[in-house]
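> The structure that follows is given in the form of structure tokens.
Derivation of every value follows stated rules applied to the coordinates shown; laboratory data play no part. Values in this document were obtained by computation on a predicted structure and should not be read as measured data. Neighbour counts are summed over all protein chains in view; Cβ atoms, including those assigned to glycine, are modelled from backbone coordinates with ideal geometry.
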């Protein structure tokens, strides 16, 4: 049972582990042994991990795998994926192989603009605030020059700054909207530093212009994870006759595939699961490359709702007897800074991708999402989702039931042509152990 503790953050790592084990562990010795097992054997590497977050106890590992044979814009890629869900890497690999014989994936970066905002309270005359802002914008940007200089040398910086009247939404609400280019960095720290510096300059200047009873007040300054203009498109297309699907004739398959995608465009209940499948691929690559999957998830789902209805991120159509399937997705990613230079496996993942730029990584991640989506929709309109998923889940089931390697081999062979279910696997293992 949990209990209150004072000064937990000041304890040593060993003391934290002891407290958690003694307080929460059914078997404290076994509890501590598990935590210690997953600490890295190299103290220097473990020190890096310990400093990523606060109150670190140990490492929580995800499997890191690769999906090979991705042909993207004429170049071959092996894509690293960190994820715990069965079948994701296998599905991506299968989709990559399928489309590699049909011209591969095509991508286009449609924009790289990122957004930050300073939120203001102001209850005086709007014209006075507008005039003050226009007269001082150049000064504000000049005072930011030491912050933006390094980013500008790399081709980034502040692209625009604008005062926006939002009083139709909230009384007295205005915002200073800034648009950024952050080159190969995700740019969160850069953007937030710029916003807070500009907010301070704004406040200092405002005190010299406005009376106390109408002084603009900075409420907060923060980047936005909604980046609809930091957008990338991934697409595939092929003549219908080359689809080569066994379960259905090519024309029927293509029509059914497009219909399934269109259902996800119109039915939110289906769209959420449809997009979750896309994010299986997207998140796995984002985690492997040390980017912020939570920020991407938030921005992606906001983008999927941009017209007031939650819709599929991907689209499909048949035109001139050709199946076209594509995905537009907002991705604010980086390949320098943050975990990209600290986490040992992130470094290796970026090496696997030939050390991509941020734009290149956007392309690769979008392709991983489209590949995953294709694999899922393909299964849904042919064999059903469970056949392939449960095949991949079989070894997990057997491990949970305590099967040894010999038993796993026998049961896996037995289910090569059978439907995998929890009850069927448990029954088969029981019969095997009983000598049947």
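> Set the Förster radius R0 to 22 Å, insert the Cβ-Cβ distance between residue 204 and residue 164 as r into 1/(1 + (r/R0)^6), and round the FRET efficiency to 0.05. Present the calculation step by step, with values, prior to reporting the outcome.
Working: r = 21 Å, r/R0 = 0.97.
Calculated transfer efficiency: 0.55.
> Calculate how many DSSP beta bridges within the chain are antiparallel, expressed in % of all such bridges and rounded to the nearest 5. Walk me through the numbers on the way to the answer.
On the way: 49 of 51 bridges.
Bridges in the chain are about 95 percent antiparallel.
> Related question: Using only DSSP helix segments of four residues or longer, with each worth -39500 (n - 2.57), what per-residue ellipticity at 222 nm results for the chain after dividing by its residue count and rounding to 500?
Working: 15 runs with 210 residues, N = 436.
One gets -15500 deg cm²/dmol as the mean residue ellipticity at 222 nm.
> Here's a follow-up. For the stretch 303-436, calculate the relative contact order in percent as a whole number, restricting contacts to Cα pairs under 8 Å that are 6 or more residues apart. Mind showing how you got there, number by number?
Values: 78 pairs, mean separation 19.7, N = 134.
Here the relative contact order equals 15 percent.
> With viscosity set to 0.692 mPa s at 37 °C, what whole-number translational diffusion coefficient in µm²/s follows for the stretch 147-291 from Stokes-Einstein and a Kirkwood radius over Cα pairs?
162 µm²/s
> Which ordering of 53, 5 is given by a fewest-first count of other beta-carbon atoms within 10 Å?
Numbers: 53 7, 5 11.
In order of increasing Cβ crowding within 10 Å: 53, 5.
> Right, here's the next one. Between residue 3 and residue 175, how high is the FRET efficiency from 1/(1 + (r/R0)^6) when r is the Cβ-Cβ distance and R₀ = 51 Å? Nearest 0.05. Don't skip to the end; give the middle numbers.
Working: r = 45 Å, r/R0 = 0.87.
FRET efficiency, residue 3 to residue 175: 0.70.
> Shifting gears a bit: With angles folded into 0 to 90 degrees, how steeply does helix 358-380 sit against the dominant principal axis of the chain? Use alpha carbons for both and round to 10.
That works out to roughly 40 degrees.
> Taking only Cα atoms, what is the 0 to 90° angle, nearest 10, from helix 13-24's long axis to the longest principal axis of the chain?
The answer is roughly 60 degrees.
> Let me ask something else about it. For helix 88-100, report the angle its Cα long axis makes with the longest principal axis of the Cα atoms of the chain; keep it between 0 and 90° and round to the nearest 10°.
The angle comes out at about 90 degrees.
> Would you calculate the convex hull of the Cα atoms in the stretch 304-365 and tell me its volume per residue in Å³? Could the numbers behind the result be given before it?
On the way: hull volume 8.2 nm³, N = 62.
Hull volume normalised by residue count: 133 Å³.
> While we're here: Looking at the P(r) of the stretch 11-135, how many percent of alpha-carbon pairs lie beyond 23 Å? Numbers along the way, then the final one.
Details: 5083 of 7750 pairs.
For the stretch 11-135, the share of Cα pairs beyond 23 Å comes to 66 percent.
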